[in-house]
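Have a look at the structure that comes next, please.
The values are calculated or read from the model by the stated rules, or taken from the named source; none is laboratory data. Here the structure is a predicted model, which is why all the values come from computation and not from measurement. With ideal geometry, Cβ positions are generated from the backbone for all residues, glycine too; neighbour counts draw on all protein chains shown. To get the accessible areas, we keep the full protein, side chains included, count just its heavy atoms, and leave off ligands, DNA and RNA. Shrake-Rupley method; radii C 1.70, N 1.55, O 1.52, S 1.80 Å.
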Amino acid sequence: MHFISTRGCSEKIKGSKAIVNGLCSDGGLYVPTEFPNLEDRLNKFIGLTYKELCLEILKLFLDDFTEEELKSCINKAYNDKFDTKLIAPTKKINNHYFLELYHGPTCAFKDMALTLMPHLLEKSLKKNKIKEEIVILTATSGDTGKAALEGFKNLDQIKIIVFFPEDGVSNIQKLQMRTQEGNNTYVVSINGNFDDAQSGVKNIFNDEEFNKLLLKNNYILSSANSINIGRLLPQVVYYFYSYLNLVKDKHIKLGDKINFVVPTGNFGNILAAYYSKLMGLPVNKLICASNENNVLYDFFDTGKYDRNRVLHLTTSPSMDILISSNLERLLFEVTKRNYNKVNSLINDLNNKGFYEIDNNMRFNLNTFHGEFATQYEIKENINKVFKENNYLIDTHTCVAYTAYEKYRKNNFEDIATVIVSTASPYKFSKDVLSSLDKNIENLDEFHVLENLSLETNTNIPLPIKNLKTAKILHNRNCEKYELKKEIENILKV
Ligand SMILES: *Cc1c(COP(=O)(O)O)cnc(C)c1O
């Protein structure tokens with residue numbers, strides 16, 4: 001198994017090197033040279049624990065790690081940091097299944113990969129005899145930042161700098177980041193939106209001179225964003241796990257096809273679902289759920305990806321994105337791995353702000369179906385789901401729920417469908433509580449949490465509860481064109 005670029009440059013490297021590099025030298029994203037097919041082995045996987053299944057899947061891609069090494073990383077990741085032994089339980093609520101990915105240390109799905117990837121990186125540095133210190137640069141729309149800080153804190157030979165949009169994340173998310181502990185963690189808010197943060201970080205990765213300066217000072221940049229293959233691979237695991245649990249619990253028979261509905265931003269999570277299909281998991285449709293930033297909905301509907309529009313700040317901020325970076329990996333697959341085509345599409349996106357795909361590619365996208373949810377629908381449906389089922393979902397999960405309700409109206413099929421739940425409702429407690437028709441005016445964050453808990457008879461997750469007494473440790477702020485200066489200050493170069 002090797003990893004190659006979506007844009008075709010000649011490097012062909014092993015997994016550990018791809019994890020260290022993050023981004024390819026031609027600006028493309030690393031993809032595996034092939035997808036191992038597990039269809040005939042699914043029956044053997046029924047009943048495996050999350051950790052056991054994770055090992056079975058990862059060792060196929062990361063074959064330059066020994067099994068012992070992988071096991072050690074997996075054990076450090078999926079332990080009692082998670083508040084359920086199952087790690088990623090699939091729950092049946094009425095006629096829906098919810099795959100809960102928010103039981104980790106920061107209460108959102110980014111934990112699924114970011115508890116593991118830092119340990120893979122630490123091992124990868126040793127394997128590749130890297131002597132320099134690695135600086136993880138991350139642009140976050142909220143959840144990645146905290147999950148990455150938590151995953152990388154106090155690791156050897158690694159520093160982490162997180163940029164977040166000052167007005168584009170929830171107050172709880174902000175508090176989570178600003179109270180981050182660790183001797184190697186740095187948090188900077190920028191005056192701009194998530195795309196400013198993300199393109200700012202991308203420009204720094206592509207800035208040769210700056211990278212040379214850093215190297216002279218013994219630093220190498222890497223990314224923890226979902227473009228790193230070390231983030232993507234662990235996400236494949238829970239799609240298999242969820243499917244196998246449905247089989248084990250006799251909700252479906254082995255071989256039955258199922259749908260997944262994924263609340264989507266940067267397209268990492270749903271791409272992992274697609275990879276699982278390419279690996280033989282019986283997937284019928286992948287329903288790509290967007291909020292009012294519905295660029296992906298338009299893309300699946302018309303074949304045109306057009307980022308020329310305003311970014312809306314919504315109640316599901318982790319999905320407030322106009323450029324879904326991981327979509328490039330999907331383009332690579334649906335062009336049948338034609339990197340010339342990928343290059344030309346990405347050039348169009350960079351130069352004109354849009355691209356259009358041909359009919360062949362559109363046909364190859366037929367696993368996907370796009371839907372989107374408005375702010376009003378999200379509010380209504382959080383209320384409805386709670387009233388009808390006594391089950392509380394967050395705003396992002398509700399985007400997926402709403403998308404599925406819309407899909408069902410036009411598609412009469414008897415296919416089990418798993419709604420991917422990406423955050424604890426307590427992470428977006430203000431919007432969740434006000435969806436339940438409660439007046440939140442004049443309530444501070446912590447009163448909102450307490451009211452939500454009383455109102456719904458559910459517990460505030462500990463990592464959020466503990467924020468109340470945590471100390472603010474980070475106060476950095478910069479303009480959107482000042483990221484480089486901020487990094488220079490932090491690293492003293
Ligand atoms: C990051 C995130 C998403 C979007 O996931 P992508 O992989 O970026 O598409 C959805 N919901 C929550 C809560 C998130 O943190």
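Work out Dmax and Rg for the range 338-410 from the C-alpha atoms and quote the Rg first, both in angstrom.
Gyration radius and largest Cα-Cα distance of the range 338-410: 17.9, 52 Å.
In whole angstrom, note down how far apart the Cα centers of the range 228-244 and the range 425-493 are.
A separation of 28 Å, based on Cα centres.
If I take R0 = 35 Å and measure r between the Cβ atoms of ASN466 and ASN217 in this structure, what FRET efficiency does the formula 1/(1 + (r/R0)^6) give, to the nearest 0.05?
The formula returns an efficiency of 0.45 here.
In the range 1-104, carbon and sulfur make up what percent of the accessible area (probe 1.4 Å)?
Within the range 1-104, the accessible surface is 46 percent carbon and sulfur.
Okay, next question. Of LYS44/LYS253; LYS76/LYS471; LYS12/LYS59; LYS427/LYS468; LYS248/LYS427, which sit over 20 Å apart, Cα to Cα?
LYS76/LYS471; LYS248/LYS427
Apply the Karplus parameterisation 6.51 cos²θ - 1.76 cosθ + 1.60, with θ equal to phi minus 60°, to every residue of the range 217-232 and state each ³J(HN,Hα) to the nearest whole Hz, in sequence, with x for glycine and proline.
My calculation for the range 217-232 gives 9, 6, 10, 10, 7, 8, 10, 10, 5, 5, 6, 6, 4, x, 8, 6 Hz in order.
Given points 7 Å out from each Cα along the Cα-Cβ axis, report the PHE412 to LYS253 separation in nanometres with one decimal.
Each label point lies 7 Å from its Cα, and together they span 2.4 nm.
Ranked from highest to lowest mean number of other Cβ atoms within 10 Å per residue, what is the order of the peptides 433-443, 57-67?
Going from most to least packed, we get 57-67, 433-443.
With θ set to phi - 60° and the Karplus curve 6.51 cos²θ - 1.76 cosθ + 1.60, what are the ³J(HN,Hα) couplings of the range 90-97 in order, to the nearest whole Hz, using x for Gly and Pro?
9, 10, 8, 10, 6, 9, 10, 10
Could the peptides 4-11, 391-398, 115-122, 45-52 be put in order, highest first, of the mean number of other beta-carbon atoms found within 10 Å of their residues?
Peptide ranking by packing, descending: 391-398, 115-122, 4-11, 45-52.
Counting C-alpha atoms alone, how compact is the chain: give Rg to one decimal and Dmax as a whole number, in angstrom.
21.2, 61
Run lengths n ≥ 4 of DSSP H only: what is the helix-derived mean residue ellipticity at 222 nm for the chain, with -39500 (n - 2.57) per run over all residues, to the nearest 500?
Counting only the DSSP helices, I get -13000 deg cm²/dmol.
Oh, and also: Quick query: amide H of ILE220 versus all other amide H atoms, modeled in the peptide plane; which residues come in under 5 Å with a sequence gap of 5 or more or a different chain?
GLU133, ILE134, VAL135
For a quick protection proxy, order the peptides 73-79, 16-22, 265-271 by their average other-Cβ count within 10 Å, most packed first.
Ranking, from highest mean packing down: 265-271, 16-22, 73-79.
What is the gain in length, in nm to one decimal, between GLU388 and GLU39 on full extension, counting 0.36 nm per residue of separation less the C-alpha to C-alpha distance?
121.9 nm is the gain from fully extending GLU388 to GLU39.
Would you mind checking the range 148-163 for residues with the amide N under 15 Å from a putative spin-label position 7 Å along Cα→C-beta of MET1?
none
Of the cross-linked pairs LYS129/LYS159; LYS465/LYS485; LYS91/LYS285, which ones have a Cα-Cα span greater than 24 Å in the structure shown?
Among LYS129/LYS159; LYS465/LYS485; LYS91/LYS285, the Cα-Cα distance tops 24 Å for LYS465/LYS485.
List the aspartates and glutamates whose Cα sits under 13 Å from the Cα of LYS17, skipping any in the same chain fewer than 8 residues away.
Reachable aspartates and glutamates: ASP63, ASP64, GLU122.
Moving on. Under 12 Å from the 7 Å Cα→Cβ point of ARG337, by amide nitrogen: which residues of the range 10-32?
Backbone N within reach: 31-32.
Where does the range 1-79 land on Rg/Rh, using Cα atoms and the Kirkwood Rh?
1.03
Here's something else I'd like to know. Find the accessible area per residue for the range 111-201; the probe is 1.4 Å, ligands and nucleic acids are left out, and the unit is Å².
I get 26 Å² per residue for the range 111-201.
On the accessible surface of the range 207-297, probed at 1.4 Å, how many percent belong to carbon and sulfur atoms?
Looking at the range 207-297 in its full context, I get 46 percent from C and S.
Per residue of the range 465-475, in order, report the coupling 6.51 cos²θ - 1.76 cosθ + 1.60 (Karplus, θ = phi - 60°) as ³J(HN,Hα) in whole Hz, putting x for Gly and Pro.
My calculation for the range 465-475 gives 4, 5, 4, 4, 9, 6, 8, 6, 10, 10, 10 Hz in order.
According to the Cα gyration tensor, what semi-axes, each the square root of 5 times an eigenvalue, does the equivalent ellipsoid of the range 150-235 have, listed from largest to smallest in whole Å?
22, 17, 15
Kindly give Rg over Rh for the range 77-140, based on alpha-carbon atoms, with the Kirkwood expression for the hydrodynamic radius.
1.14
Separate question: Search the structure for amide H atoms under 5 Å from the amide H of SER189, placed 1.01 Å from N in the peptide plane, and list their residues when 5 or more places away or on another chain.
PHE164, ARG476, ASN477, CYS478
Volume per residue, Å³, of the convex hull around the alpha-carbon atoms of the range 46-108?
Convex hull volume per residue, Cα atoms: 110 Å³.
Putting +1 on Lys and Arg Cβ atoms and -1 on Asp and Glu Cβ atoms, find which of TYR241, LEU436, ILE357 reaches farthest to the positive end of the dipole of the chain.
Checked the options; the winner is TYR241.
On to the next question. Can you give the local net charge around ASN218? Use residues other than it whose beta-carbon is closer than 13 angstrom to its beta-carbon, Lys and Arg +1, Asp and Glu -1.
+3
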